[in-house]
Amino acid sequence: MTSLTGLPRRLVEQGLIELHAAEDILKSAKSDKRSFVTVAVQKDPSLAGTISRIASEEFGLPVLDLSSFDFDVVPSDVVSLSLIEKHRILPLFTRGNRLFVAQSDPSLINAIDEIKFNTGMTTESILVEEDKLAIAVDKLINASDTSLEDAFGDLDGALDDVDLEDPEARDKEQEKDATPGDDAPIVRFVNKMLLDAVRIGASDIHFEPYEKRYRIRYRTDGVLKEVSQPPINLSGKIAARLKVMSQMDISERRIPQDGRIKMKISKNKAIDFRVNTLPTLWGEKIVLRILDPSSAKLGIDALGYEEDQKQLYLEALSNPQGMILVTGPTGSGKTVSLYTGLNILNVEGTNISTAEDPVEINLEGINQVNVNNKVGLDFASALRSFLRQDPDVVMVGEIRDLETAQIAIKAAQTGHLVLSTLHTNSAAETLTRLANMGVPAFNIATSVSLIIAQRLARRLCSNCKQPAEIPEEALKEAGFNNEQIASGDFYRPIGCASCNAGYKGRVGIYEVVSITDSISRIIMSGGNSIEIADSARKEGFADLRTSALRKVAAGITSLEEANRVTMD
């Protein structure tokens, strides 16, 4: 008797099964990878009702008679058919974020854990008789047109569409994934996380291990939100899956790694993911940046530039030479602004080359180079090579050092249009940053033609935003003028089913400054950023704060959001 525990022990103690018979059933169940209850009822169908009653007493779970259950209420889009077949369970109904499933053997805790893991829902068991459950599950599986099979249909298809650039790696990956095994739920789950992020318009996915839990967060409209908490013991498998998809070394967990995933959403659309791993105290944190190539083709009108700002940008792009600098913190939309400009310039008669770290969006017709410092291919060396290939337009991902700055400025002074980025907070600070790098003032004044400083603010949801009653004194204190206060439409976020806490999407906030004669004189005389900013305002260039308040007065965003992105 000491070898038996739980339900088998109770059945023997109550004289329903002989000891040797229970041991034989256990042995057969383990060898066939089936549950004890399934094998016991197959050997003696009369035990089905009794086993469910005793299991209810043993585990404290309710019992349901499936013969009286209305199968029309079965949720058809929650659990995949493969999981139903694997664990011989049946989804019954949902209540909010709780999923109730029919199960004949409650000792199979792994089944509940896996369903919870794949659905992201709190999963609870309801006991049913094994013979009735088997009939219901078989009927469901044999129904080839069941919608449950489609619950993960798109995800399984997306797995086949993961485009690995190395053909040999792709063949091995497809061969591996074609073989069913214990990792199949991980494959489906990871694909689900990636596709869900794309569907809701997230910009980043964070996979984060901690000591006692594992969480996944999406950054949507600039704000991180937790979307799932897989079991902590699966963190290694999730990390390994992501690294395989990104063509990383799965055996290396001590140093950060970078990679890419290309996933086809449809025949005509693919999404790129830029992947980075970081060794942390409790495992590898993995962050995926979602790169949508279609964002570069939205057009300048969709980015949120004011009309005068848009014209300044277009005029600078039309110049045969000079330097356009886009500045702002990480995640402020610099890449989209640059690629939008490149897309405008991308015509048959123009030779365009870019040096990026890494290339984020692939643009047909543009020669894009991934810098690789390990082999000596940095921004400076890439720029030198570009200048020997008769370029019309050059884009440098970022000016990080004096050498790169000097070569870029030389190119801008010798008949080339140069686009690049700097990590500064404003247009004026960009000019002083170049001076602090060691670039002579004369070169700055004669090469830089336009500076765009930018931020991204969340758009108010058009479905639920409501007029905001803001006192006139508060509006004046925020920086609004009398005309804006009199004619402005001020709204506040509310929140509805189609948005994220009252916001949906983002809009650019811009400071676009053309280098005029007066600003050039300040640069030449060694003026500081405050003097440059004052001169820009006097010449009518709106700073970030002014541009943000314009968006508030137009009802595009809220005052709280404008304060968040433009007030230090």
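The values are calculated or read from the model by the stated rules, or taken from the named source; none is laboratory data. If you're wondering where the values come from, they're calculated on a predicted model, not measured in any experiment. Every residue, glycine as well, gets a Cβ built from its backbone with ideal geometry; the counts of neighbours run over all protein chains shown. All accessible areas refer to the heavy atoms of the entire protein, side chains included, with ligands and DNA or RNA removed. Shrake-Rupley method; radii C 1.70, N 1.55, O 1.52, S 1.80 Å.
Details
- Out of ARG10, ARG34, sole residue that is at pLDDT 80 or above and charged (D, E, K, R): ARG10
- From the options ARG537, ARG545, residue that is basic (Lys, Arg) and open to solvent by less than 70 Å² (accessible area, probe 1.4 Å): ARG545
- Taking the listed residues ILE141, ILE135, the one that is farther than 30 Å from GLY259 by Cα, hydrophobic (A, V, I, L, M, F, W, C) and at pLDDT 80 or above is ILE135, with no other qualifying.
- All of PHE100, PHE93, PHE71 fail the test of being in contact (Cβ under 8 Å) with a residue 60 or more places away in the chain and out of contact with any Pro (no Cβ under 6 Å at 6 or more places or on another chain), apart from PHE71.
- Those residues of segment 347-364 which are part of a loop (DSSP other than H, G, I, E, B) and either open to solvent by 50 Å² or more (accessible area, probe 1.4 Å) or in contact with an Asp or Glu (Cβ under 8 Å, 6 or more places away or on another chain) (or both), in sequence order: VAL347, GLU348, GLY349, THR350, ASN351, ASP357, PRO358, GLU360, ILE361, ASN362, GLU364
- Tally, over segment 379-389, of residues that are free of Cβ contacts under 8 Å to residues at least 12 places away in the same chain and surrounded by 15 or more Cβ atoms within 10 Å (Cβ to Cβ): 1
- Of the strands (runs of 3 or more DSSP E) lying entirely inside segment 239-340, those containing at least 2 residues that are among the β-branched types (Val, Ile, Thr) and open to solvent by less than 40 Å² (accessible area, probe 1.4 Å) span 269-280, 283-291, 322-327.
- Residue match in segment 109-126 (condition: touching a residue at least 60 places away in the same chain (Cβ under 8 Å), acidic (Asp, Glu) and in a helix (DSSP H, G or I)): yes
- Residue list for segment 239-294, filter: free of Cβ contacts under 8 Å to residues at least 40 places away in the same chain and touching a Phe, Trp or Tyr at 6+ places or on another chain (Cβ under 6 Å): none
- The residue that is farthest from the chain's Cα centre (by Cα), counting only those in segment 127-144 that are free of Cβ contacts under 8 Å to residues at least 12 places away in the same chain and in a loop (DSSP other than H, G, I, E, B), is ALA143.
- Sole residue being in contact (Cβ under 8 Å) with a residue 40 or more places away in the chain, touching a Gly at 6+ places or on another chain (Cβ under 8 Å) and surrounded by fewer than 23 Cβ atoms within 10 Å (Cβ to Cβ), chosen from GLY526, GLY502: GLY502
- Members of segment 478-490 found to be open to solvent by 60 Å² or more (accessible area, probe 1.4 Å) and under 17 Å from GLU561 (Cβ atoms), listed by number: ASP489
- Matching helices (runs of 4 or more DSSP H) fully within segment 4-94 where at least 1 residues are closer than 28 Å to ASN118 by Cβ, open to solvent by 70 Å² or more (accessible area, probe 1.4 Å) and out of contact with any helix residue (DSSP H, G or I) (no Cβ under 9 Å at 6 or more places or on another chain): 19-32
- Selection count where residues are surrounded by fewer than 20 Cβ atoms within 10 Å (Cβ to Cβ) and either within 18 Å of LYS310 (Cα to Cα) or touching a residue at least 60 places away in the same chain (Cβ under 8 Å) (or both), scope segment 430-445: 4
- GLY495 being of a type outside the set (Lys, Arg), open to solvent by 30 Å² or more (accessible area, probe 1.4 Å), out of contact with any Leu (no Cβ under 8 Å at 6 or more places or on another chain) and in contact (Cβ under 8 Å) with a residue 12 or more places away in the chain: yes
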